[in-house]
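Worksheet for the structure shown next.
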Amino acid sequence: KQWYQRRVRGWKKDWRGIIGEFVGTLLFTFASACIAMISSQISGYPNFSLGSILVVGLCNGLAYMVLIYNFWNISGGHLNPAVTWGAMITRRIGFFKGIGYILAQILGGVIGALLVESTTPSIYQLASIGDTWNPTVSLWNGFLLETVVTFIFIHTFFSAAFDPISMGRVAPISIGFALTFGTFLTWASTGATTNPARAFGVAVATGNWHHQWVYWVAPLAGSTLASLIYLLLFMTRNVEGALGYHHHPDGVKLVTEAPGAVTERTRLIPTGNAHV
């Protein structure tokens, strides 16, 4: 009976996270696609002005940061299959729960893009963000650029959120800036995707499937490299030593923070210390 009760509680928690990923990815896709579409029209698509790059980059980063804060204690705030994939292969999240997250993110991306199509004025053509690949950029160069930018983004996510001595509540700020930086680098060349769910949603809404495989393979490749390299080389093993704590006469107490997150941040304090 106790085993069954634990399993039921676990399933409820998993479904809560899956629904959170669906809603969060839907909102991010809606915000990201809206600003990309408006910026493309203002700058005169397919031309890219410095202003449009700055606007899209900052808005993408801010939207992602705000939504991570919103869903931090619900699902961990992945909102991107590349993040969930990295968490799965490094066992930050269970396999079946990870699959549920990715499916929810894909569905959220589709619904979010369809909402953009149905709610924005006709003057803004959704097709303008369906394929923003710069024709002067070769397929290989675009693939490599998307891989490198995703590598930076996922490495930041691991350092800020998945590491046992992560940044805690300020982690979404650094993650949002990492996405902004990646958008600055790739908006005028590949369209700054780094999020397969968003790319798939826009493709469904527009019917434009050009380079869709790049928008999946490159982010997942970058995520795989960043996740495994961080796990093998940089992940904190000795939490107590890394934090500078020594054995207290009264023992050491392990305290978890950010309850409900996929990866809970931990820190060590003396058991006699009442301040947590």
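Summarising the label geometry, the points placed 7 Å from Cα in the beta-carbon direction at Asn134 and Trp15 lie 4.8 nm from one another.
The calculated FRET efficiency for Ile229 paired with Thr119, based on their beta-carbon distance and R0 = 30 Å, is about 0.15.
The value for the range 180-237 of Rg(Cα) / (2.2 N^0.38 Å) is 1.36. Between Leu50 and Met167, the modelled label-to-label distance comes to 2.7 nm, taking each label 7 Å out from Cα in the direction of the beta carbon. Using the 1.4 Å probe convention, the accessible area of the range 141-204 works out to 28 Å² per residue with neighbouring protein chains retained.
The values are calculated or read from the model by the stated rules, or taken from the named source; none is laboratory data. In this text, all values refer to a predicted model and were calculated from it rather than measured experimentally. As a convention, Cβ positions derive from the backbone with ideal geometry for all residues, glycine included, and neighbour counts pool all protein chains shown. Ligands, DNA and RNA are excluded from the accessible area calculation, which covers all protein heavy atoms including side chains. Shrake-Rupley method; radii C 1.70, N 1.55, O 1.52, S 1.80 Å.
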